[in-house]
Structure formats: structure tokens, C-alpha cells
Amino acid sequence: MIRVGAPIDVDAWRARAGSDDHGRLTADLDAALRHVTLNFASDARAHRAVSLARALAAITEAPPALGQPRPLATEAELARRIEVATDALESAPPAVARQADDFITRVESLERRLETRGIALTEVRISPRLRHGARFVVRETLVSMVALPVALVGRVMHWLPLHLARALAMRPLASDPSRDQPAMRTIVLGLAFVLGWYVLLALLIAHWRGGVLAGLALVVMFLAARVDFLLRDRMGRAWRRARTYLALRAVPGLRDTAVAEIDALIADGLLLEAALITPRADSR
């Protein structure tokens, strides 16, 4: 997800500011960047906000279709609102602060209780009816039968360059413990190795079977890799949904109880946000 802010025309800014004060321009750039990014005071607050945002995104929306993962923008917007509320907590009355702590505890408790039963918070609103379960099994079985052979081609054909990229990316980890560096190195090296792998295979196939077949092979490899990625993601979500479905079927009434608790949490969360943000807005 990329969030794009309004552009800053430096000439227009200079005319409006009436000066070439680089400090003021830097401050305005900083404010504009903060408006379109998440900014946390500490790792602990970031972890708490993102975890809570995921939980709230899960309970405030209907379960997405298996072929359409939940948009990251929903979680990002909730994380931003949580961070604003967290800032407001520093000057909130003690009663409101206790209310916020209680709300977070209730959300975390609900998630843990559902997880112990094998129920994913993102899937708790699905229907436990038998006909819906049968339709789910038939559909996902057909999807897997059609897509799995293609996905296996993509997995096998890309195994060597991707694993080589990952192995090389992890080597400097001992001297550079940054959590971001291995991922970034894997992306850069993986892109280079995959493109090089494509070129090598295309040259070999073109030499033995001609350019048309080489081009067709590259298209098939690319599409197979895409199918592999989508199917792996879909199967993970399908497994969570199937597990949740069986757990809801095993305990009649559990879904209605959980949904009622979720609806109460949503209502209380909105009231809490209003209590935190409204006084802040009024003070301006």
C-alpha cells in the first residue's frame, strides 16, 4: 500500500512563506510526511497499536472472500486512529485511561478465548450452516485441483533463485542485526536472480527449441509463479476458515455469543475514541 499526499510546490511555498527559510520548509515537509505515514513514539506502542488495529479490523468487517485478502489500508487507518488516541491518553482523565485499558484487555481476551477453540477472529462471522460448509468444500476442492499443478510448476521453477537469494541475504545478519535488512536484501537479490534465471532459461530454450517456445516458456513460468503465490495465500485462509467453521459447528450458539460481544466492543470502542479525541479537538 502506498499513500500519496498532496504535492508541495517549492516556488509556491516560497511565495507564500515570504522567505527561503530551509528550516520552515523542512518542518512543513515533515508534517506532510507524517500525515501520510504511521508514526509511533516507541516499538512497544507500535506493536500494541498494530496488534489492536488488526483485531479491530477483524471484528468491524465481514469476512473477506478467500480470493480477496483484507485490504492493508483498513488496518493502517485503524492503527493511525489508535496512535492518535494513545497520544490523547497522556492527558486524559484517569477514568478514561482506565476505560481504555479495560477495552484493550477485553479485545485481547476475546481473541485468546476464540483462538483456544480454534476460531480465528477474522472468521467468527461466517455462517456455520451445513449447506454453506458443503459449498465451501466443493468450491475449494475444485480450485485446488485446477490450480495446484500450475502452482507446483511455479514453485519448482523458482526454487533455486529464490532460495539462493534468501541464503545470501541472511549471511550478513550476524554483523548487522537490523530486522529490515534481510528482507530488503532478499527482495533485491531475489529480483536480480529471478531475472537472471529467466534470461538463462530463455537462452537455453531458444538455442534448443527456438525463440517462440522460449517466450512461451517465460510466460508460463511467470503465470505459474503468480498462481503459486495466490494459491498458497488462499489455502492458508481456507484452512483458518475451515477450522473456524468446525469449531462453530461443534458449539451451537457460540457464534451468536461471540458476535454479540464483538458488537458491544465496537460500540464501546467508538465511545472511547470520542471521549479521547473530542476534548483534544475542542481545545484547539
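The values are calculated or read from the model by the stated rules, or taken from the named source; none is laboratory data. Everything quoted here is computed from the prediction, not taken from an experiment. Using ideal geometry, Cβ is built from the backbone for each residue, glycine included, and neighbour counts are taken over all protein chains shown. Areas reflect the complete protein model, heavy atoms only, side chains present, ligands, DNA and RNA absent. Shrake-Rupley method; radii C 1.70, N 1.55, O 1.52, S 1.80 Å.
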Inset, instruction - Compute the separation of the alpha-carbon centres of segment 1-72 and segment 183-234 and state it in Å as a whole number. - result: 35
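So what is the diffusion coefficient of the chain in µm² per second by Stokes-Einstein at 10 °C and 1.306 mPa s, using a Kirkwood Rh over Cα pairs?
Numbers: Rh = 23.6 Å.
Reported coefficient: 67 µm²/s.
Note down the relative contact order for segment 79-194 as a percent, whole number, built from C-alpha pairs under 8 angstrom at least six residues apart. Show your work: numbers first, answer last.
Values: 33 pairs, mean separation 18.8, N = 116.
Over segment 79-194, the number comes to 16 percent.
Please work out the average accessible area per residue across the chain, using the 1.4 Å probe convention, and give it in Å².
65
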Legend entry - Global geometry of segment 85-185, whether rounded, prolate or oblate, following the gyration tensor of its Cα atoms and the 1.5 cut on a/c: oblate
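Please tell me the relative contact order of segment 13-88 in percent, rounded to the nearest whole number, where contacts are Cα pairs under 8 Å and at least six residues apart. Walk me through the numbers before you get to the answer.
On the way: 27 pairs, mean separation 26.1, N = 76.
Once normalised by length, the contact order is 34 percent.
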Legend entry - From the C-alpha gyration tensor of segment 182-235, square roots of 5λ in Å: 25, 17, 5
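Using only the Cα atoms of segment 112-161, build the gyration tensor, take square roots of its eigenvalues as a ≥ b ≥ c, and label the shape rounded, prolate or oblate: rounded if a/c is under 1.5, else prolate if a/b is larger than b/c, else oblate. Could you put the intermediate results ahead of the total?
Values: a/c = 4.93, a/b = 1.66, b/c = 2.96.
In terms of gyration-tensor shape, oblate.
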Inset, instruction - Compute the Cα gyration tensor for segment 143-258, then decide on rounded, prolate or oblate, letting a ≥ b ≥ c be the square roots of its eigenvalues: rounded whenever a/c is under 1.5, prolate when a/b is larger than b/c in the other cases, and oblate in all that remain. - result: oblate
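Can you give the relative contact order of the chain as a percent, counting alpha carbon pairs under 8 Å and 6+ residues apart?
Values: 197 pairs, mean separation 72.5, N = 284.
Contact order relative to length: 26 percent.
For the chain, what is the mean residue ellipticity at 222 nm derived from helices alone (per DSSP H run of n ≥ 4: -39500 (n - 2.57); sum divided by total residues; nearest 500 deg cm²/dmol)?
Values: 9 runs with 222 residues, N = 284.
Taking each H run of at least 4 residues, the total per residue is -27500 deg cm²/dmol.
Calculate what fraction, in whole %, of the accessible area of segment 2-113 sits on carbon and sulfur atoms when a 1.4 Å probe is rolled over the protein chains. Spell out each step's value before the answer.
On the way: 3960 of 7070 Å².
Result for segment 2-113: 56 percent of the exposed heavy-atom area is carbon or sulfur.
Might you report the magnitude of the Cβ-based charge dipole of the chain about its Cα centre, with Lys and Arg at +1 and Asp and Glu at -1, to the nearest 20 debye? Each step should come with its number before you reach the end.
Values: 38 positive and 30 negative charges, 312 e Å.
Roughly 1500 debye for the chain.
Quick one: net charge around Gly154, please, counting Lys, Arg +1 and Asp, Glu -1 for every other residue with C-beta under 12 Å from its C-beta. Can you show the working numbers first?
On the way: positive: Arg155, Arg226, Arg232; negative: Asp228.
Around Gly154, the charge tally is +2.
Checking a compactness column here: for segment 1-103, what do you get for Rg(Cα) / (2.2 N^0.38 Å), N being the number of residues?
Here the Cα radius of gyration is 1.43 times the empirical estimate.
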